[in-house]
Amino acid sequence: MRPTILLVSLLLLLALRAAGQSTSAVPPTKRVYLHSVVGVALPGVSSLNTELSNAGFLPLSGAYLLRGAGLYTVFPKARLATLVTFMSYSGTDTEANRSSWVRGSTAGASLGIVLGRTDRIQCIPYAGLAYAWFGTRVSKVAPASTTFSGYLTGPTNQQSLTREQVVGNVGLQVSKTGLGQSSLGQKLLLGLRAGYLFPLNTPNWETNAVSLSGGPGVNPGGTYLSLVLGSAL
């Protein structure tokens, strides 16, 4: 979590400095922004990787391409913001006759505080809740047969594990509104978002709807850093 704290602190200092230098007035009514995000996710899978390595499977990577979308609403008079976002990452690693695939997704909402007194530079620290889906498929041997029917009737060569849980979400968004002088450009938004997702419960792992007790802990969210591109509605 330390890299996230450093990123959030740096973004906060830069945003407060920019906001203090700007003279743009805060709009009197709320504004809604539809946005997309793309960046990097660093889930916490070290305990799971230990179990996979001990069983002879290929460990999962520590970083994945993150993408998603959502909307957030700024209430200038109350100096509050609500953020609703869906984010997802996935990836596949292969090594000799072993492979590992993973997908993680989160959907949630957060409440933020709008710092500064300008609409051009937005600085929004936020906190909230999200629901996370996490799944992995790992294989350590090649299929006994490469024909479709032979694969189905051959020995099992792949393990599938899934997990769903509630996570907390804390972070900071720093963004600039109004890109260019055109009417469209004035609606656009560009920013950075850094945060940390952390587990709030410890559910069992599942495979084919069967619960597995005693599995390793995993943080399906972890640290994330993303570029935010959006437009006011």
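The values are calculated or read from the model by the stated rules, or taken from the named source; none is laboratory data. Note that this is a predicted model, so its numbers are computed, not measured. All Cβ positions, even for glycine, are placed from backbone atoms using ideal geometry, and neighbour counts span all protein chains on display.
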### Query
Within region 104-141, which residues are within 22 Å of GLU51 (Cβ to Cβ) and not in a strand (DSSP E or B)?
LYS140, VAL141
### Query
Can you tell me which of SER160, SER145, SER110, SER149 is under 21 Å from ALA209 (Cα atoms) and among the hydroxyl-bearing types (Ser, Thr, Tyr)?
SER160
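In region 83-115, how many residues are under 15 Å from ARG31 (Cβ atoms) and either of a type in the set (Phe, Trp, Tyr) or buried (at least 18 other Cβ atoms within 10 Å of the Cβ) (or both)?
Final tally of qualifying residues: 3.
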### Task
Name, by its number, the condition in (1) over 16 Å from the mean Cα position of the chain (by Cα); (2) in a strand (DSSP E or B) that does not hold for VAL166.
(1)
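Test LEU172 against the criterion of being surrounded by 16 or more Cβ atoms within 10 Å (Cβ to Cβ) and either of a type in the set (Asp, Glu) or modelled with pLDDT under 95 (or both), and give yes or no. Talk me through it step by step, then tell me what you get.
Numbers: surrounded by 16 or more Cβ atoms within 10 Å (Cβ to Cβ): yes; either of a type in the set (Asp, Glu) or modelled with pLDDT under 95 (or both): no.
In short, no.
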## Note on the structure
Of the listed residues (LEU152, LEU184), the one being surrounded by fewer than 19 Cβ atoms within 10 Å (Cβ to Cβ), aliphatic (A, V, I, L, M), out of contact with any Lys or Arg (no Cβ under 8 Å at 6 or more places or on another chain) and within 21 Å of LEU233 (Cβ to Cβ) is LEU184
### Message
Quick check on my filter: what residues within region 153-168 are without any contact (Cβ under 8 Å) to a residue 24 or more places away in the chain and in contact with a strand residue (DSSP E or B) (Cβ under 8 Å, 6 or more places away or on another chain)?
### Response
ASN157, GLN158
### Query
Where in region 179-233 are there strands (runs of 3 or more DSSP E), lying wholly inside it, with at least 1 residues that are closer than 17 Å to VAL37 by Cα?
188-199, 219-232
